[in-house]
1. Would you order Ile51, Ile201 from fewest to most other beta-carbon atoms within 10 Å of each residue's own beta-carbon?
2. Hey, can you grab everything whose amide H is under 5 Å from the amide H of Asp163? Only 5+ residues off in sequence or another chain; H modelled, so Pro and N-termini drop out.
3. So what are the ³J(HN,Hα) numbers for region 44-61, from phi and the Karplus equation (6.51, -1.76, 1.60; θ = phi - 60°), rounded to whole Hz, Gly and Pro as x?
4. Compute a Gaussian network model of the chain, connecting alpha carbons closer than 10 Å, and tell me which residue from Thr23, Thr156, Thr197 fluctuates the most.
5. Would you please give the residues with an amide H less than 5 Å from that of Gly60, counting only those at least 5 places away or on a separate chain, with H modeled from the backbone geometry?
6. Gap in Å between the Cα centre of region 131-198 and the Cα centre of region 1-70?
7. Where Rh is the Kirkwood radius over the Cα pairs of region 114-163, the temperature 20 °C and the viscosity 1.002 mPa s, what D in µm²/s does Stokes-Einstein return?
8. Using the count of nearby Cβ atoms within 10 Å as a rough guide to exposure, how do Leu222, Leu213 rank from fewest to most?
Amino acid sequence: MNNSVGNAGRLLWAGLRALLVLTVVCGVLYPLAVTGVAQLLFHDKANGSEIKDASGRVVGSALIGQTYDLPKKNPADAEEPVAPDLRWFQPRPSNGLGSNSVNTRYSLVLSGATNRSGDNADLIKWVTDAKAAVVKDNSTADHEVKPSDVPADAVTSSGSGLDPHISPEYAKLQVHRVAERNGLTVAQVDKLVADHTDDRILGFIGEPRVNVLRLNIALRNLVAAKD
């Protein structure tokens, strides 16, 4: 009997020591080591890939898209449609997952696709309406946008719904409108797009892309310098 109690006690004590050691190693030392390495070698990415404006204020993340809309006339009216602020480069559409009432600069709460098939009536209407809006919004007095000029990412949301990038083609399509709305030359805005176009990763992974937030920060700085 005494031997059984003693053996049980030794087993419990061994289990408790293993629990304490593993808790310290896996729950304290390992997270601290990983956090330290991340902060040392990947400081920007480890902190959310934050983007700051000229004043040093954090205005968003390089990984999450934002909307650039005019303020609602009645913010309390959830049904009131929002209109894009056409002074700025516009991101991809982000249909389907609801709105964020806490921070309305981000259009979605969750990451996900619309899950509509190619022949879905809602999706077809979204794409058709979006293309008409892109043609109308980006045509200026001296530059007409044709439906054939509109790239796919201008009228469809990404798989996550939170894509922070647009294609160089969509960015260039917006150049004349942005230049006109901000009193800039087309050449100035076109250079902004060229300067903020990222090439394929390692030269062969993915597609060329433009981060809309970074581009709009550069646009704001250019307008401020003009004034």
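1. On the way: Ile51 20, Ile201 10.
Placing the least packed residue first, the sequence is Ile201, Ile51.
2. It is Gly65, Ser158, by chain and number.
3. Each residue of region 44-61 in turn: 5, 5, 5, 9, x, 6, 5, 10, 10, 8, 5, 8, x, 7, 5, 10, x, 10 Hz.
4. Result for the chain, Cα springs under 10 Å: Thr23 fluctuates most.
5. Ile51
6. 41 Å
7. The calculation lands on 180 µm²/s.
8. Numbers: Leu222 15, Leu213 24.
Least to most surrounded, the residues fall as Leu222, Leu213.
Throughout, read-outs are computed from the coordinates displayed, never taken from laboratory work. These numbers come from a predicted model, not from an experiment. A quick note on method: Cβ atoms are made from the backbone with ideal geometry, for glycine too, and the neighbour counts reach across all protein chains shown.
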